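The values are calculated or read from the model by the stated rules, or taken from the named source; none is laboratory data. Since this is a predicted model, take the numbers as computed values, not measurements. Heads up, the Cβs are rebuilt from the backbone with ideal geometry, glycines too, and the neighbour counts pull from every protein chain shown.
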Amino acid sequence: MRLRDQIIQQALALPPEDRKFVADLLAGSLPGGEFPTGEIADAWSKEIDRWIAAYNQGETTAVDFDTALDNVRQVLEAHRASKATDQKDFDASSDFLIG
């Protein structure tokens, strides 16, 4: 029997609480989707809880995905346009340096 099969067999024989502990450790060891530190994960968890509470208390509303995506695109377009304007202003103001 291969080592990984033995490990799985032993893990499956553990009580449910221990299996959950092992599963959480294994999931946390996989790349992607994890936060770099526990502090960051905790901060995001608290922020998400705050958003949910605000929504549940009627302090904020939700929008559908397409509307949210359109809003993000508009903000990004405006941001890029302002950066382009800032760069043109910088280029014009620095002309005296090169000639």
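Some observations on this one:
- Residue match in segment 15-35 (condition: of a type in the set (A, V, I, L, M, F, W, C) and under 30 Å from Ala62 (Cβ atoms)): yes
- From the options Ala43, Ala13, Ala27, residue that is at pLDDT 85 or above and surrounded by 10 or more Cβ atoms within 10 Å (Cβ to Cβ): Ala43
- Hey, Ile40 over 13 Å from the mean Cα position of the chain (by Cα) and at negative phi or not: no
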